[in-house]
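One structure is given here, and the rest of the page talks about it.
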Amino acid sequence: MKKFVAFTGYACNNRCGFCVHLRRRALPQRTTREVVAAMASARRDGCDALELVGGEVTIRPDFLTLVGTARALGFPRVALASNGRMFSRPGFARAAVAAGLTDVMLSLHGDGAELHDGLTGAAGNFKELIAGLAALKAAGVGRLSVNSTVVRRNVRALPALAYLLVALEVRSAEFIFVDPSVGGAAEDFEEWVPRLGEAASAMRRALAIGREAGTSDWCVRYVPLCLFRDWLGQVSELREARAFSSVRHWAPDFVNDDVQGSRRDGARVRTARCRGCRLEPECEGVWRGYAERRGDSELEPVHG
Ligand code: SF4
């Protein structure tokens, strides 16, 4: 499988302070024609998985057109990353599924309104997301998942967030260690980036809560493998590497034809401490920006 990820533009109705696109909001959106041409080209190149990403794609007036066109181009599944708010509007989820939307990944960063709305920068977000999630389920969307960015302010709430996901019957979820390479977390590292050891411990606890609830389809992303040595089947990068021979990004301001390779050999790093670690061949290591600021003493190389 080859995956094509189309960043249609960075405009968003949320204001997450840790967002990697924090300073890109004002860049011009890709036009409908440009997005359609890019999707068609990806399809001709043999891409079979499509992901629409923003900013927030659902606030585009052509959102339903893009979904329908993607299906007409032959993408068997059309996935969307979203903050979920628009799906709380009457009829919106049904219209999106009818247009051909098959997979939705909703971003939920807290176990309740106070934390989620605080992190996303607007009152009412949590309520709308929960309503949107219910509407998508009722509309019969094929696959619904939740992703949560792990930042300093929500680390301790991860177990409570995991129990909320269990209560919402979310079978597929991802806990993502915040990216300090660019955007909000790069600008204010100490405000947003938790200690790796503390975050990993909370993320493992969240995975365990998922297991207890009967799902092993909860994953972690952007973490050193050594801190998840007993959870390697639930590391997103490893799953992605097995599922996709290539992942390509297309955005208003860049194109990246080798997302996995450039992350492994650019934004992330294996350090001197990794020498001899038997997980190294598959591991992307730690965010370079993290290693530069906090060192590598939290890594636990696996020998023997
Ligand atoms: S290569 Fe480094 S970061 Fe990766 S598992 Fe080994 S010690 Fe950890």
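Every read-out reported here was derived from the displayed coordinates using simple, explicitly stated rules and does not represent laboratory data. Predicted model only: the values in this text are computed from it and were never measured. As a convention, Cβ positions derive from the backbone with ideal geometry for all residues, glycine included, and neighbour counts pool all protein chains shown.
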Calculated from DSSP helices alone, with each H run of at least 4 adding -39500 (n - 2.57) and the total divided by the residues of the chain, [θ]222 nm to the nearest 500 comes to -10000 deg cm²/dmol
Segment 32-62 versus segment 207-282: alpha-carbon centroid distance in Å: 24 Å
For the chain, count the residues as N, evaluate 2.2 N^0.38 Å, and divide the Cα radius of gyration by that value, please. 0.97
What FRET efficiency do you get for A98 and T271 if R0 is 41 Å and r is their Cβ-Cβ distance, rounded to the nearest 0.05? 0.25
Quote the FRET efficiency, to the nearest 0.05, computed for R294 versus A213 with a Förster distance R0 of 41 Å and r equal to the Cβ-Cβ distance. 0.80
If the cut-off is a Cα-Cα distance under 19 Å, which aspartates and glutamates reach K127, setting aside same-chain residues fewer than 8 apart in sequence? E56, D111, E114, D117, E169
For E169 and R43 in one chain, what is 0.36 nm times their gap in residues minus the Cα-Cα distance, to one decimal in nm? 42.0 nm
Once both labels are modelled 7 Å past Cα along the beta-carbon direction, what's the R89-A123 spacing in nm? 2.2 nm
By how many nm would the segment from A134 to E34 lengthen if fully extended, with 0.36 nm per residue of separation less the alpha-carbon distance? 32.8 nm
Selection from V97, Y10, A135 lying farthest towards where the dipole of the chain points positive, charges on Cβ: V97
Could you please rank S245, S148, S172, S88, placing first whichever residue has the fewest other Cβ atoms within 10 Å of its Cβ? S245, S172, S88, S148
Quick calc, L27 & A72: beta-carbon distance into FRET formula, R0 22 Å, rounding 0.05, result 0.20
So for D188, D230, fewest C-beta neighbours within 10 Å to most, what's the order? D230, D188
